[in-house]
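Student: Take a look at the following structure, please.
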Amino acid sequence: MHVPTRRTVVTTLVAAALLSTSACGSGSDAAATADNPLGLIEPGAIRVASVGDIRPYAYTDASGEFTGFDVELFRDVAGRIGVGDVTFVGQDFAAVLPAVANGQFDVGVAAIGITPERQETVDFSDGYLAGYLTVLTTPDSGITSSGDLAGRRLGVVQGTLQEAYALKNFPDAELVRFPDNNTGVSGLNSGNVDAHFLDYEAAKTYVEQFGLVDAEDIPSFDAPAGFAIAEGNTALKEALDEGLHAAMEDGTWKELYQKWFPGSPMPEQYLPSDERTSSPTPTTAS
Ligand code: SNW
């Protein structure tokens, strides 16, 4: 049970005072009001900044509709918090977080890893997916692990964790920045780069599509993907977190994981609590 501490009481009082004095919008960003409890750009609708080619996380299908694991999970969570009107708009990955930070979109959804650097410009929901960064190459490149990248041309999508990781850990690789994965993989297929560095599940689809090779998977468990939210929109963050945990607890998360990532090892931390074998927090009272 939640017993309000002195601090929460004070915060609530301050918030109430702010609300009553700024009811007609003083320019404060995304403040929740009685008419707009989730602090949305347009009450009752969620505008999502996403990326159209990170299959199977988020991509546009043949009819131009956004789909994928992240997209279906977000739509499910939005439904749980009472918002059925969800519009996804695709852009280059590098544009997604700035567009959320400057208030053009309510949320960013695109397998976006939660990192302290990114948390300086946006807030995040709790994490919903922790996986790998993958070095994708051709069968005849001679690259069999990240140790072979020195002196080779390595593609990354601008603004990704792969770009940051490569700068730090593959100093002798020649980085080539692309706006998106499709362009990077075209570069790989045409011999303009020797490898492309991207998210594991997206790499897997290109392996199947083009007969490419997964040379190495690097854990990115410390940066699980989350929904990016404009800084300070606490009402939306709390609602999304609640919806997200409900989707994990009733098995919806697991169903979507099996649908979109068939054959991938099932991580435990997002499963219903009675399906997790390890209990992270001892429940005995002290
Ligand atoms: O950090 C991983 C996370 O563990 C999971 O595997 C999903 O992808 C990540 O969030 C990393 N994603 C990249 C990033 O956040 C690339 C996203 C993209 O291509 N749109 O930069």
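The values are calculated or read from the model by the stated rules, or taken from the named source; none is laboratory data. Because the structure is a prediction, the values reported are computed rather than measured. Every residue, glycine among them, receives a Cβ derived from its backbone with ideal geometry; neighbour counts consider all protein chains shown.
Student: Considering only the range 46-56, state which residues are touching a Ser or Thr at 6+ places or on another chain (Cβ under 7 Å) and more than 11 Å from the ligand (Cβ to nearest atom). If you could, list the steps in order and put the result at the bottom.
Tutor: Pass one, the range 46-56, residues touching a Ser or Thr at 6+ places or on another chain (Cβ under 7 Å): 47-48, 52, 55-56.
The answer is Arg47, Val48, Pro56.
Student: From the list Asp126, Asp92, which residue is closer than 23 Å to Pro179 by Cα and of a type in the set (D, E, K, R)?
Tutor: Selected residue: Asp92, the only one of Asp126, Asp92 that is closer than 23 Å to Pro179 by Cα and of a type in the set (D, E, K, R).
Student: Okay, next question. So how many residues does the range 165-178 have that are touching a residue at least 40 places away in the same chain (Cβ under 8 Å) and out of contact with any strand residue (DSSP E or B) (no Cβ under 7 Å at 6 or more places or on another chain)?
Tutor: The total comes to 0.
Student: Here's a follow-up. Read through the list (1) touching a Phe, Trp or Tyr at 6+ places or on another chain (Cβ under 8 Å); (2) more than 12 Å from the ligand (Cβ to nearest atom); (3) under 23 Å from Thr60 (Cβ atoms), then give the number of the only condition that Gln158 fails.
Tutor: The number of the failed condition is (2).
Student: Output yes when any residue across the range 77-95 is among the polar types (S, T, N, Q) and in contact with a Pro (Cβ under 7 Å, 6 or more places away or on another chain), and no when none is.
Tutor: No; the residues of the range 77-95 include none that is among the polar types (S, T, N, Q) and in contact with a Pro (Cβ under 7 Å, 6 or more places away or on another chain).
Student: Examine the range 83-105 for a residue that is part of a loop (DSSP other than H, G, I, E, B), touching a Gly at 6+ places or on another chain (Cβ under 7 Å), modelled with pLDDT of 95 or more and within 11 Å of the ligand (Cβ to nearest atom), and state whether such a residue exists.
Tutor: Checked the range 83-105: no residue is part of a loop (DSSP other than H, G, I, E, B), touching a Gly at 6+ places or on another chain (Cβ under 7 Å), modelled with pLDDT of 95 or more and within 11 Å of the ligand (Cβ to nearest atom).
Student: Considering only the range 187-203, how many residues are within 16 Å of the ligand (Cβ to nearest atom) and without any contact (Cβ under 8 Å) to a residue 40 or more places away in the chain?
Tutor: Here the count works out to 1.
Student: Go through the range 236-260 residue by residue and tally those that are more than 16 Å from the ligand (Cβ to nearest atom), crowded, with 18+ Cβ neighbours inside 10 Å and among the aliphatic types (A, V, I, L, M).
Tutor: The number of residues fulfilling the criteria is 4.
Student: Can you tell me how many residues within the range 109-125 are within 16 Å of Ala239 (Cβ to Cβ) and within 13 Å of the ligand (Cβ to nearest atom)?
Tutor: Selection size over the range 109-125: 3.
Student: Can you confirm whether the range 57-78 contains a residue that is at pLDDT 95 or above, within 16 Å of the ligand (Cβ to nearest atom) and in a loop (DSSP other than H, G, I, E, B)?
Tutor: yes
Student: Hey, could you check the range 118-142 for residues that are of a type in the set (Asp, Glu) and in contact (Cβ under 8 Å) with a residue 24 or more places away in the chain and say which is surrounded by the fewest Cβ atoms within 10 Å (Cβ to Cβ)? If you could, list the steps in order and put the result at the bottom.
Tutor: Quick first cut of the range 118-142, residues of a type in the set (Asp, Glu) only: 120, 123, 126, 140.
Okay, now just the ones that are also in contact (Cβ under 8 Å) with a residue 24 or more places away in the chain, so 123, 126.
On the way: Asp123: 20, Asp126: 16.
Applying the filter and picking the extreme gives Asp126.
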